[in-house]
């Protein structure tokens, strides 16, 4: 855990839905025999980020995360906290492509990512799964 793990978690939330699906399929590959992990939903996208947020106070105190960066991370954390976790629709795979809440999470993550150092350096998962930092462009309606 540390700054890079937090930054990578933000970049995953900022990624296009296709890259997020590829990441989810990969982390569950042993349970799906390399197939789709659609049945496992999308929760791991948020868990990946939130698990590293637990230690942010310590990371600030030891200088791994600057106070201005902490503010950006907390902004995303607060936004994620405002998403109703009991709405099962947000956890369905198709919601990554069609639900405005995922579009908003991605937008806020992109804004946060832009404030962080070395934002131009793609994390390893981007190199592996593709994507990068761009809007998902979810169709209106």
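Pairs of alpha-carbon atoms within less than 8 angstrom and 6+ residues apart define the contacts here; what relative contact order does segment 3-127 have, in percent?
This gives 37 percent for segment 3-127.
Between residue 68 and residue 27, what is 0.36 nm times their sequence separation minus the Cα-Cα distance? Round to one decimal in nm.
Here the segment from residue 68 to residue 27 would lengthen by 11.6 nm.
Would you please classify the overall shape of segment 3-127 from the alpha carbon gyration tensor, given that a ≥ b ≥ c denote the square roots of the eigenvalues, rounded means a/c under 1.5, and beyond that prolate means a/b larger than b/c while oblate covers the rest?
prolate
At R0 = 25 Å, how high is the FRET efficiency between residue 111 and residue 83 if r is their beta carbon distance? Nearest 0.05 is fine.
Approximately 0.95, to the nearest 0.05.
Averaging sequence separations of C-alpha pairs under 8 Å and six or more residues apart, then dividing by the length of segment 17-75, give the relative contact order as a whole percent.
Reported as a whole number, the value is 20 percent.
So for segment 1-75, what are the equivalent ellipsoid semi-axes in whole Å, largest first, each being the square root of 5 times an eigenvalue of the Cα gyration tensor?
28, 12, 9
Any read-out appearing in this document is the output of simple, stated calculations on the displayed coordinates, not a laboratory observation. What you are looking at is a predicted structure, and each value in this text was computed from that prediction instead of being measured. Every residue, glycine among them, receives a Cβ derived from its backbone with ideal geometry; neighbour counts consider all protein chains shown.
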